[in-house]
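Structure, as structure tokens:
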Amino acid sequence: MIDEMDLLKGLGNAEPPRPRAYEEARSVLRAAMAVEETPEAAPAPRSRWSRRRAAGLGAAALVAAAAAGVLVVTSTSAPGKPPVKAAAANPVLAELAADISPLQAKAPGNATLEVRNQSPTSAELGRDGIGLYTDDGTYYWGNDKRALRRAVIRKDGGDDLFKRDIAAALYAVKGDLGEARARMAVANIAPGTNPDPDRARIEKLKAIAKARGEKYVPPKPPTAAQQKEITDNHIWTNAVDALIAAPENTQVRAGVLRIMASMPKVRVTKTTTAGQPTLTLADGWPTAGRSAEELVIDAGTGRPIAMTSSGSGVRPSTIYYHTSRVTLADIEAGKF
């Protein structure tokens, strides 16, 4: 069985791939498996943490597509048109959202430092490096502390990368839930940009087909059920993005929980992680390579703790989140 790490070994001595590279490879590999099982068309989940969130596939993703030997096209929901009718609330998530909604969104510092690794208790740096989410929505990343400091000093970050996700979550706290879901479904699309990335992706995939000496066969458009699955995946992914980008903001957590509570396919289980009571939220997208994700949150606060991704032909992968509040000035000064 291959996984996203196998697909990235060919990068050799190139600059260490950022977390988005692993996620893009994993996302496209899932879609590739789905196409093998369902030739007509199969939506692929959006790749998490991509700084080209509505642009074409990255290099790692194309490596994955070529390795799988198939042509994959994903779709995004058009602004204002996602099928986002609100469903009955999940009582566990709705209650937690109600409990934390009155709390003030105040935390020290002006940014959240995040280490992602494979340990539930240790914040030691691993292969996923170290990230910084500023309160204005900008994201910086480095494979170690020195690289992160250099990125912050040089302003080498994704401008307002998560600002729209966070805004949709904040609106969801007291706003109309259907509208909140609609906003979250397209939060990855920057205003004034083309929301349909298919053209650029098709050109890249045509190039892959040509390089392989194969005829390019365009995929059929997704069915209504598949389009709904695409939209549900975007709501889930963008909502998780908001939660990860602003874990200390109680209002963001409350808004995300309220949106998640309205999603009938999201399953909630009471669990324990490292001895602490947690809730595990699970969602899946069957036509996309039977891909699925499980988000673990603190049962009392809603803070994100871990994420597990799995799918057809993809090894299950779990990432734990370790966060702390910092100031940009301290990061620039190397005091972290």
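Some observations on this one:
- D232 meets each of the listed conditions (1) at pLDDT 95 or above; (2) open to solvent by 10 Å² or more (accessible area, probe 1.4 Å); (3) acidic (D, E) apart from (1).
- Count of residues meeting criterion [within 24 Å of the chain's Cα centre (by Cα), outside any loop (DSSP other than H, G, I, E, B) and surrounded by 12 or more Cβ atoms within 10 Å (Cβ to Cβ)] in the stretch 201-224: 4
- Among the conditions (1) within 24 Å of L132 (Cβ to Cβ); (2) β-branched (V, I, T); (3) surrounded by fewer than 17 Cβ atoms within 10 Å (Cβ to Cβ), the only one that V326 does not satisfy is (3).
- Any hit, the stretch 120-137, residues being touching a Pro at 6+ places or on another chain (Cβ under 9 Å), over 30 Å from Q227 (Cβ atoms) and of a type in the set (D, E, K, R): yes
- Some residue of the stretch 151-160 being under 17 Å from E248 (Cβ atoms) and in contact (Cβ under 8 Å) with a residue 60 or more places away in the chain: no
- Test: residue in the stretch 94-107 that is among the polar types (S, T, N, Q), modelled with pLDDT under 90 and open to solvent by 30 Å² or more (accessible area, probe 1.4 Å): yes
- The stretch 282-336 holds strands (runs of 3 or more DSSP E) entirely within its bounds, and those carrying 1 or more residues that are within 16 Å of L148 (Cβ to Cβ) and touching a Leu at 6+ places or on another chain (Cβ under 9 Å) map to 314-326.
- Evaluation of V268 against the conditions (1) assigned to a strand (DSSP E or B); (2) farther than 25 Å from T308 by Cα; (3) among the β-branched types (V, I, T) shows that the sole unmet condition is (2).
- Selection within the stretch 136-188 - open to solvent by less than 50 Å² (accessible area, probe 1.4 Å), within 29 Å of F336 (Cβ to Cβ) and outside any loop (DSSP other than H, G, I, E, B): Y139, Y140, W141, G142, A147, L148, A151, V152, G158, D165, I166, A169
- Cβ-Cβ under 7 Å pairs, at least 6 apart or on other chains, the stretch 315-336 side under 22 Å from E124 (Cβ atoms) and in contact (Cβ under 8 Å) with a residue 12 or more places away in the chain, far side open to solvent by 60 Å² or more (accessible area, probe 1.4 Å) and among the basic types (K, R): I331/R149; G334/R149; F336/K145
- The stretch 257-291 - residue that is surrounded by fewer than 19 Cβ atoms within 10 Å (Cβ to Cβ) and hydrophobic (A, V, I, L, M, F, W, C) and, of those, nearest to K220 (Cα to Cα): A282
The values are calculated or read from the model by the stated rules, or taken from the named source; none is laboratory data. This is a predicted model, so every value here is computed, not measured. Reconstructed Cβ throughout: ideal geometry from the backbone, glycine too, with neighbour counts over all protein chains shown. The area values use the complete protein model at the heavy-atom level, side chains included, leaving out ligands, DNA and RNA. Shrake-Rupley method; radii C 1.70, N 1.55, O 1.52, S 1.80 Å.
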